[in-house]
Amino acid sequence: MTPVLRSSGHLAADRRYDYARGAAAEGDHVAASDLLQQTLEIAPTWAPAWFALGESREELGETAAAAEAFAQALAHDPADSQGARLRLARLGAADQPAQPPQAYVRDLFDQYAARFETHLVKDLAYRAPSVLREAITRAAPARRFAQALDLGCGTGLMAKEMADLCDQIAGVDLAPAMAAKARASGVYAEVEAADLLDFLKGRAPAGADLVVAADVFVYCGALDAIFGAVRRVVKDQAIFAFTLQRGAEGDYRLGEDLRYAHTPAYVARLAASHGFALASCDEVSVRQDRGQPVPGLSVVLLAL
């Protein structure tokens, strides 16, 4: 998804940037690169132009030059709303970050909110909510939940899937536009626009009996702090259910799609260290990428 455009403050620079994005969209990255260098002559500290230059250079196979442009984008936007750190890691020019930049995830989903459900369900064959519901009901047949928490709730697809099994559902999403959509759905007792760890820290201990996270942890690398925070807020015998992209080695790895993949061994180790039993860990695919199923995991944990 194209990063949010903020004006450079120079009309001529903005115009060249627009021409460059058009050229890139048509696959002409030589022209795009030239136009972006002209843009940066006018507005040398404008991070979106540096980021777009990095993208075009990467498409042209100019790896070192692309890394230089992404590094400049990061230098001029330390909050990293475009995800330059992730691009640098993908190019091997920086270490893999344990978490993506919050500003990047927030801006990504704020601009995605208006077409989120249509794009996910129709274009990406997204089915994480139905997959998780099936796994939860298989692990806890006929169980009803008094207080559920929906982490990274998006527009509310997971809550709609689980509403008939829950008395109350509280949601959280980092992107304010997503949280507003969820709030307007009428499914939630409350919705916060916040980081999910901050949200969990603000909950009373041992209050929830269900925590779900559908297609959320692909935007998190290290999950240790999340597992610990979830265990604090749930009762004994509570269910913690989530989907992941399936990794092949190590604990987690940032993929070419700039999403994190996690291994079953990592999940099992975290579960054991934070007081959860592994009820199920199934190989599934909950979405497609370029028409192909993305290897994933559906996980259900039981709090001990």
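Details
- Approximate shape of segment 238-304 as ellipsoid semi-axes (Cα gyration tensor, √5λ), whole Å, largest first: 23, 13, 8
- Residue separation of residue 282 and residue 75 scaled by 0.36 nm, minus their Cα-Cα distance, works out to 70.4 nm of gained length.
- Only the Cβ atoms of Lys and Arg (+1) and of Asp and Glu (-1) were treated as charged; on that basis the dipole of the chain about its Cα centre amounts to roughly 880 debye.
- Straight-line cross-link partners of residue 201 among the aspartates and glutamates, defined as a Cα under 19 Å from its Cα and at least 8 positions apart when in the same chain: 150, 173, 190, 192, 209, 224, 236.
- At R0 = 35 Å, FRET efficiency that the Cβ-Cβ distance of residue 18 and residue 98 yields, to 0.05: 0.50
- The convex hull around the C-alpha trace of segment 114-303, projected and averaged over every direction, spans 9.6 square nanometres.
- Against the chain, whose longest principal axis is taken from its Cα atoms, helix 176-185 shows a tilt of about 40°.
- Cα centroid of segment 138-153 to Cα centroid of segment 159-198, whole Å: 14
- Where labels lie 7 Å past Cα in the beta-carbon direction, separation of residue 168 and residue 28 in nm: 5.9
- Calculated [222 nm] ellipticity per residue, helices only, for the chain: -12500 deg cm²/dmol; basis is -39500 (n - 2.57) per DSSP H run with n ≥ 4, divided by all residues, nearest 500.
- Between helix 47-59 and the chain there is an angle of about 90 degrees, using the helix long axis and the longest principal axis of the Cα atoms.
- In degrees, nearest ten, helix 29-42 long axis to first principal axis of the chain (Cα): 80
- Spatial separation of Cα centroids for segment 53-97 and segment 283-300, in angstrom: 27
- Between residue 125 and residue 201, the contour length at 0.36 nm per residue exceeds the Cα-Cα span by 24.0 nm.
- Normalised by the number of residues in segment 11-94, the mean separation of alpha-carbon contacts (under 8 Å, six or more apart) gives a relative contact order of 22 percent.
Just so you know, all these numbers are worked out from the coordinates, no wet-lab data involved. Model, not experiment: these values are computed from the prediction. Neighbour counts are summed over all protein chains in view; Cβ atoms, including those assigned to glycine, are modelled from backbone coordinates with ideal geometry.
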